[in-house]
Amino acid sequence: MHAPAGPGPASPFHWNAEVRPGLRVAFTSAAAGNLALHVGDDADGVRANRHRLETAMGIAGGSLRFMSQTHSDRVAVLNGRAGGEPDSGPRVPDADGMVSLTGLHPLAVLVADCVPVVLADASVADGGTGATAVVHAGRAGVGNGIVANAARTLRRAGAQDLAAWIGPSVCGSCYEVPEDMMLALTGTLPEAAARTRAGTPALDLPAAVRRQLEDAGVVVGEVSGSGSACTLENPHLFSHRREPGAGRIAGLVWRT
């Protein structure tokens, strides 16, 4: 039940698992194709990639919900039911966190070096809400508290058994930054401090996100996958640092 489905390099999934009964979390690979409309100029190709991904997920075409991500601290809440009925906000909200109060909306977050985070009120029994969320946590998002904002939003909605899964992103050994940029973040979040293999200053965003989740009382689940979890090191993942504009992978959560 908790083991990944074992995708390989040719699979659209870097990792795909039923993490709780009826709750699936996945992170795509580059084999799924570019999933971001704001990268490149082939919108029809992106829509085709999204449709193929929905088929692989076993969900209805056009039901996967995306955000317009701008490194903000905004969390959008989807109040409507899944299946095309209206929500209280726009179809593609301007946000870097997105919550489905019922967990019935399949959700996606797009990254190509930033940290994709999936959260869920993992139990639907004993008063659990079944709510789910996705978060886009880049350097700015880690600094402005988008992860904690999403967790607070879920708890305000009644979530009691919060769990999270952290997907592939650039690792601390590869995310070189200027010294002052590293110090600006690590002054309040020392877990973010890192050095490259050459000894230059860097940021470990996955470690920082894990600390923020744990500080928010969220249990962090284990994620494995096909090859390295570092987007820069793994050629089967998209990396903006390695190849700007090539594409975006997705973090996904949906109920079956």
Cα-based convex hull, the range 113-189, per residue volume (Å³, whole number): 86 Å³
Radius 14 Å from Cβ of Ala56, net charge of other residues (Lys, Arg +1; Asp, Glu -1): +2
Alpha-carbon Rg with Dmax, taken over the range 5-77, Å: 13.5, 39
Cut-off under 5 Å, modelled amide H: who pairs with Gly138 long-range: Val115
Neighbourhood net charge (12 Å Cβ-Cβ; Lys/Arg +1, Asp/Glu -1) for Gly97: -1
For Gln160, residues with placed amide H under 5 Å, excluding near neighbours: Thr129
The chain: relative contact order in percent, alpha carbon pairs under 8 Å with at least 6 residues between: 24 percent
Order by protection proxy (mean Cβ within 10 Å, highest first), peptides 192-201, 106-115, 239-248: 106-115, 239-248, 192-201
Glu243 paired with Ala198, simple spin-label distance in nm, labels 7 Å along Cα-to-beta-carbon: 2.3 nm
Dipole of the chain [Lys/Arg +1, Asp/Glu -1 at C-beta], most positive-end residue of Ala95, Asn49, Phe27: Asn49
Beta bridges per DSSP with both ends in the chain, % antiparallel, nearest 5: 80 percent
5 angstrom amide H check on Asp204, placed H, neighbours 5+ away: Ala193, Ala194
The chain pair-distance distribution - Cα-Cα, 5 Å bins, rounded %: 1, 7, 14, 19, 21, 18, 12, 6, 2, 0, 0
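Where a number appears in this text, it was derived from the coordinates with a stated rule and is not lab data. Owing to the predicted nature of the structure, the values given are computational and were not obtained by experimental measurement. When we count neighbours, we look across all protein chains shown, and the Cβ atoms used for this are built from the backbone with ideal geometry, even at glycine.
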